[in-house]
Amino acid sequence: MATQAEETLHRCLEIILIGPVCTGKSTLAPLLADRLQVPRVSLDQISLSYLEELGYGEATLRNIQQELNHEEPTLRNVQQGLLATYRQWEPFFVSAIELLLSKHFDRIIDLGAGHSHYQNPALFERVRQALAPYHNIVLVLPSPDLDLSAQILKERSLSQRGYDWIADGYDFIEHWVKDRCNHELATLTVYTQDKTPQQTCDEILQCVAK
């Protein structure tokens, strides 16, 4: 029978980070993995490896990734716009999450900004069910003031990527910050403003170990 300390450690080994772009998930994930001595898995980094299993063509997904990362314009982007393309690929995001969670255990997992937001209620419910067994789903935001969080993240995105994520009359960052999806999925929310990544890492570990 596992001791309380062993059970606490096991809970800490399964941390899933969610949140909008530029919140620091990709910085926090390796810090947490290093502290807990477990692997880190980023869904953004391994999506391409799931293509064959999920029945998608590699060229097609590379096309969508270029669009969602605001890289070189493509014919699809010109014809239907970023928002329509984003909505079209929501089913792939859901399937990728389900596949990732079936393959990886005792990991630090970070999801991309779009992986936890869905316009279609049925798709969101699939993600909610997939994440339901996990106790430590951490939403990372700059501030409890959601307007301020959106402003900070837009400024970071412009500085780091040259793009504010406003396209086709739609404010992606505003939606990712304020929409119910992340807030309903999260079991814990941490705020990073005026904290170093290490301080935020420490806060997460303190909270999930309780």
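Here is how the numbers come out for the structure above:
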read-out: Subset of segment 144-178 (residues that are of a type in the set (Gly, Ala, Ser), closer than 23 Å to Thr189 by Cβ and not in a helix (DSSP H, G or I)); value: none
read-out: Among residues of segment 97-116, those that are part of a helix (DSSP H, G or I) and either farther than 18 Å from Glu14 by Cα or under 12 Å from the mean Cα position of the chain (by Cα) (or both), counted; value: 5
read-out: Residues that are in contact with a strand residue (DSSP E or B) (Cβ under 7 Å, 6 or more places away or on another chain) and either of a type in the set (D, E, K, R) or farther than 21 Å from Lys178 by Cα (or both), drawn from segment 101-138; value: His104, Arg107, Ile108, Ile109, Asp110, Tyr134
read-out: Residue list for segment 98-114, restricted to those being surrounded by fewer than 21 Cβ atoms within 10 Å (Cβ to Cβ) and either hydrophobic (A, V, I, L, M, F, W, C) or farther than 23 Å from Leu205 by Cα (or both); value: Glu98, Leu99, Leu101, Ser102, Lys103, Phe105, Gly114
read-out: So Phe124, is it under 26 Å from Glu14 (Cβ atoms) and not in a helix (DSSP H, G or I); value: no
read-out: Close pairs from segment 191-204: first within 15 Å of Cys22 (Cα to Cα), partner exposed (fewer than 13 other Cβ atoms within 10 Å of the Cβ), Cβ under 8 Å, at least 6 apart; value: Tyr191/Pro144
read-out: Unmet requirement for Lys195, which otherwise passes all of (1) within 28 Å of Glu125 (Cβ to Cβ); (2) at pLDDT 95 or above; value: (1)
read-out: Failed item, numbered, when Leu205 is tested on (1) in contact with a Lys or Arg (Cβ under 7 Å, 6 or more places away or on another chain); (2) closer than 25 Å to Leu99 by Cβ; (3) assigned to a helix (DSSP H, G or I); (4) not β-branched (Val, Ile, Thr); value: (2)
read-out: Residues satisfying the stated conditions in segment 169-210, i.e. under 14 Å from Leu153 (Cβ atoms) and loosely packed, with under 14 Cβ neighbours inside 10 Å; value: Gln193
read-out: Answer from Gln119, Gln160 - the residue that is surrounded by fewer than 20 Cβ atoms within 10 Å (Cβ to Cβ), touching an Asp or Glu at 6+ places or on another chain (Cβ under 8 Å) and at pLDDT below 95; value: Gln119
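The values are calculated or read from the model by the stated rules, or taken from the named source; none is laboratory data. Since this is a predicted model, take the numbers as computed values, not measurements. As a convention, Cβ positions derive from the backbone with ideal geometry for all residues, glycine included, and neighbour counts pool all protein chains shown.
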